[in-house]
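Engineer: Here it is: the structure, laid out below.
Only the coordinates and a few stated rules stand behind these numbers; no lab work does. Treat the numbers as computed from the prediction; the structure is a model and nothing was measured. Don't worry about glycine lacking a Cβ; one is built from the backbone with ideal geometry, like all the others, and counts go over all protein chains shown.
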Amino acid sequence: MENEKDTFWDVISNTEVSNTELVEAIKGIGKLSSQIKFWNEIANNTRYTLAHRKHCVLQLFKRHGNSGMPLAEFVLLFLNEKWFKESQFAKIDVIRGKLPVEVAIDRSIFQISVLPDHDSNDCFIYFSVEGKISKAEVINIQHNDQYFSALNQRKVLEIGYASDLLQDYNKPY
């Protein structure tokens, strides 16, 4: 029913909704397509709660980040957004525990700490890329044609998530 789906989008866009209402609306839209801009606009807007914004970043990556996509396209999801800060982005060189992506010698693994603060759930997005590349190469991809050309050939191999917010969903989304 189209009107019901429209209502779900309205709930997600509402700054006053509870976490339960937000999660139910996200589950209600199912796999319907959405625009990258929709999720980023909410994530960038400090009028929403931090949890609401984190949910939207997770949805952005779950709906628009895909294994196999070119790295240059993948980084467009987040690099120039207000919610993203370079200090929240790290290359994983030393493994200290289990990661939600496969560790292999022929890939580089990166972590995005989503809207970190000391009073809420941690939320991390991990992704692996074929070959060895540096954090600087990823960050500078949009500002340097040499990086863009080289990294556009690299593919995102896997995307993984570590967040207590994911427990809010009883089914994969």
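Engineer: Going by amide H atoms built from the backbone, whose H comes under 5 Å of the H on K155, apart from near neighbours?
Structural biologist: Amide H neighbours of K155, under 5 Å, 5+ apart: L71, E130.
Engineer: Could you work out [θ]222 nm for the chain from helices alone, using -39500 (n - 2.57) per DSSP H run of at least four and dividing by all its residues? Round to the nearest 500 deg cm²/dmol. Write out the running numbers ahead of the final one.
Structural biologist: Working: 7 runs with 64 residues, N = 173.
Result for the chain: -10500 deg cm²/dmol, rounded to the nearest 500.
Engineer: Given 4 °C and 1.567 mPa s, how large is the Stokes-Einstein diffusion coefficient of segment 1-146 in µm²/s, with Rh as the Kirkwood radius over Cα pairs? Intermediate results must be reported in sequence, preceding the final value.
Structural biologist: Values: Rh = 16.6 Å.
D, rounded to a whole number, is 78 µm²/s.
Engineer: Roughly how big is segment 67-166's charge dipole about its Cα centre, with Cβ charges of +1 (Lys, Arg) and -1 (Asp, Glu), in debye to the nearest 20?
Structural biologist: Dipole about the Cα centre, nearest 20: 220 debye.
Engineer: Something else: In debye, nearest 20, what is the charge dipole magnitude of the chain about its Cα centre with +1 on Lys and Arg Cβ and -1 on Asp and Glu Cβ, if you could check?
Structural biologist: Here the size comes out at about 420 debye.
Engineer: Please report the orientation-averaged projected area of segment 1-73, defined via the convex hull of its C-alpha atoms, in nm².
Structural biologist: Dividing the Cα hull surface by four gives the mean projection, 5.2 nm².
Engineer: When L151, L79 are ordered from fewest to most other Cβ atoms inside 10 Å of their Cβ, what list results?
Structural biologist: Ranking L151, L79 by Cβ neighbours within 10 Å, fewest first, gives L79, L151.
Engineer: Note down, for segment 67-166, the three equivalent ellipsoid semi-axes (square root of 5 times each alpha carbon gyration tensor eigenvalue), biggest first, whole angstrom.
Structural biologist: Calculated on Cα positions only, the semi-axes equal 22, 17, 11 Å.
Engineer: Taking amide H atoms as placed 1.01 Å from N in the peptide plane, list the residues 5 or more away in sequence, or in a different chain, whose amide H sits under 5 Å from that of Y161.
Structural biologist: Excluding prolines and chain starts, which carry no amide H, the hits are Y126.
Engineer: Of F110, A150, Y126, which is farthest along the charge dipole of segment 67-166 in the positive direction, counting Lys and Arg as +1 and Asp and Glu as -1 at C-beta?
Structural biologist: The residue sitting farthest along the positive end of the dipole is A150.
Engineer: Could you tell me which GluC sites (Glu not before Pro) in segment 1-61 are loop residues by DSSP with no more than 13 other beta carbons within 10 angstrom of their beta carbon?
Structural biologist: Here the GluC sites (Glu not before Pro) that fit, given the DSSP loop and packing criteria, are E16.
Engineer: Taking trypsin sites (Lys or Arg not before Pro) that fall in a DSSP loop and have at most 14 other Cβ atoms within 10 Å as cut points, what is the longest piece of the chain between them?
Structural biologist: In short, 133-173.
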